[in-house]
1. Which three extents, in angstrom, do the Cα atoms of the range 137-233 have along their principal axes, listed largest first?
2. Treat each spin label as a single point 7 Å out from the Cα along the C-beta direction, and report the K70 to I133 distance in nm.
3. Determine which residues of the range 312-334 fall in the zone a paramagnetic label at C273 would reach in this model, i.e. backbone nitrogen under 13 Å from the point 7 Å along Cα→Cβ.
4. Once a ≥ b ≥ c are taken as the square roots of the eigenvalues of the Cα gyration tensor of the range 251-325, is the result rounded (a/c under 1.5), prolate (a/b larger than b/c) or oblate (a/b not larger than b/c)?
5. Quickly estimate the mean residue ellipticity at 222 nm for the chain, helices only: each DSSP H run with n ≥ 4 gives -39500 (n - 2.57), and the total goes over all residues, rounded to 500.
6. Need the full-extension length gain, A49 to R211, defined as separation in residues times 0.36 nm minus the C-alpha distance. One decimal, nm.
7. Can you compute log10 of I(q)/I(0) for the range 167-300 with the Debye formula, treating each Cα as one identical point scatterer, at q = 0.13, 0.18 Å⁻¹?
8. Which of the trypsin sites (Lys or Arg not before Pro) across the range 387-457 are loop residues per DSSP, with 12 or fewer other Cβ within 10 Å?
Amino acid sequence: MSDSQVGTLRRPRLVAHWRLVLARAPLSGVAAEMSAILLLCPAFLYMAAWNRFPFVFFDTGAYVLEGFAKVFVPERSAVYSLFLHYVHGRQNLWYVAIVQSLMTAFVVTEFARALRPKTTIWKLLGISLALSIFTSVAWYVGQIEPDCMTAVLVMALYPLAFRLRQVGWPRAALLVAVAAFAIGAHPSHLGLAAGLVMCLALVRLAGMVWRYERLPKPNIVLPALVFVLGLGSVLVANYSITHKIFVSKSGSIFLTARLMGDGVVKETLDEICPAQSLDLCAYKDRLPPSADAYLWAPDSPFNKLGRFYGDQKQYGIIVRESLERHPIQSIATGLWDSFRQLLMFRTGDGVAPQEWVLVPMFRDFMPKQYRDYMSARQQRGSLRFNDVNVVHYPLAVFSQVWLLVVLIRALRRRRWNLAVLPAFLLLAFIGNALVCGMFSGPHDRYQSRLVWVATLTVLLTTSPRLERALRAPANPALNAL
């Protein structure tokens, strides 16, 4: 028998051997853990590969301009813009998508490892492939936008707060770094992270007050450290471009636009103009009907007032006067927008042909990528999301309802450790809806970028053995910090 024939016979055995390794290797092993991360990366880039180019959004051009030309864009995160620069997105935007995929794969692996250390590579890979097809995750990981970092932040905070012993210090340090970057990558993440850290602190305090209940005692030091580092990254990134220290120069503008869309600004301007010499008083009788129309419509008075480079103090005055004069209406409309946001998570919001916005950016900064960009399915108008959402939306609804049912049953039985995971995730979903609905107004992509974590959790925890794992104390010695 020739060597080639022997090799032919051995090849199926070798393939079968590696299939067996993948099927049996648990994530508790370092080699299996690293293999899982590497295997998950292409799974999360599935849709971008099918598109033939990373997805782009209307905001992508602002990040490109800020990151590559160092031109400050007030409404965009300088942290994410500089990220595009440092991972050499100017040479190839695939580098950005690959790094985002690595971070997502790492956090998903650690999230799964913290919940179920005996989860095998094969199972986690199967779950990730299912997520890439049946949820929104691949549409965000492969997009040149910081939206994929919302889920990364939430999944990283959970093991840091409740599963530190399973994670261990080396992995915890990496999770802290990734989560801190995720906070800085998008302005809304500061509010989301702050809310989650405060909730963790309240749970910790409740455990100290009602000791007889044996409530979970989450670690609040590392989540608080993540928030501080994330805030610091925002300050450093802003200073590196503007040589000024600040958190945001557009928050009052977005809030004014939201209040305008809800009809509050019109009533406020009717009451304070002309006593207050505000530029927007001249347009109070023809204000745009929505926040998006005010911020992005070509005929909006916002363009005549200098857009995001206009007088920030005037927008601050409008927000303050609106809250003082119409507090109930301002808050009630914001809560209604947040409730609407909680129910809006269809995939594909804004993923449309963007050549009219980004062609100048590609010609100026990335000419070698221009041909691939224009030949992508997105730019050719080949993307259709109606059929996609026939699956994505009901699955997201089911997954969130499943978490809610688990939470209610756990609370009724006073099984606090079993309630921790669904409670934390549902609080994250509500917090994200509150921040985005209150300050920007509801958009499907704000919630769609996060709800896939519910489906991941359902797929990871559909086992009778998980309940025993979740009953384990969520306050080990390492969490006593």
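1. 49, 26, 25
2. About 4.8 nm separates the two model spin labels.
3. Hits in the range 312-334 for C273 at 13 Å: 318.
4. Details: a/c = 1.38, a/b = 1.30, b/c = 1.06.
Rounded shape, in that the Cα axes give a/c under 1.5.
5. Details: 25 runs with 338 residues, N = 481.
Value at 222 nm, helices only: -22500 deg cm²/dmol.
6. 53.1 nm is the gain from fully extending A49 to R211.
7. Reported log10 I(q)/I(0), two decimals: -0.79, -1.00.
8. Details: sites: R409, R412, R413, R414, R415, R445, R449; in loops: R413, R414, R415.
Within the range 387-457, the qualifying trypsin sites (Lys or Arg not before Pro) (loop, at most 12 other Cβ atoms within 10 Å) are R413, R414.
No value in this document is a laboratory result; all are computed from the given coordinates. Remember, it's a predicted structure, so these values are computed and weren't measured experimentally. Ideal geometry is used to build each Cβ from the backbone, glycine not excepted, and the neighbour counts take in all protein chains shown.
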